[in-house]
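Each value in this text was obtained by applying a stated rule to the coordinates, not by laboratory testing. What you are looking at is a predicted structure, and each value in this text was computed from that prediction instead of being measured. In this analysis, Cβ positions are derived from the backbone assuming ideal geometry, glycine residues included, and neighbour counts consider all displayed protein chains.
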Amino acid sequence: MSRLKPQLLERSYQELENNFRSYSRALVGVACNLHRTREMRFLFLELVERCLEPWRQVTWSHTDLRNFLTAYMQCALEMDVLREADLKSAWERFMTVVSICLLRMYHT
């Protein structure tokens, strides 16, 4: 959150601070369920319903979304939870691909 404060408008930052847990839960939830064939088939639907719709409702700009996804990926890579190289690599690959998808699908 502290990395994003200078980049976001005050209104966007307050909204992010209030809903960070739900946004994080949505992204991690999508990541955790990708090993199931059924979940993989509905990946884009999940991204829209769990991620894009909430961001559209609060009218995030494309730049705000890009900044959030970049900071979210980088901060997670610095956490002790991802100290194993394989886990770190998997997270980075997932967030890179999902960020590209989300940014391409996001339009206000």
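Could you compute how fast the chain diffuses translationally, taking Rh as the Kirkwood radius over C-alpha pairs and applying Stokes-Einstein at 25 °C with viscosity 0.890 mPa s? Give it in µm² per second.
Values: Rh = 14.4 Å.
Value of D from the Cα-based Kirkwood radius: 170 µm²/s.
Which helices count as membrane-span-like in the chain under these terms: full DSSP H, at least 20 Å along the axis by C-alpha, Kyte-Doolittle mean of 0.5 or more?
Values: long enough: 10-32 (32 Å, -0.65); 62-77 (23 Å, 0.08); 85-105 (30 Å, 0.66).
Once both thresholds are applied, what remains is 85-105.
Going by C-beta contacts inside 10 Å, put V48, V98 in order with the fewest on the left.
On the way: V48 15, V98 19.
If I rank by nearby Cβ atoms, fewest first, I get V48, V98.
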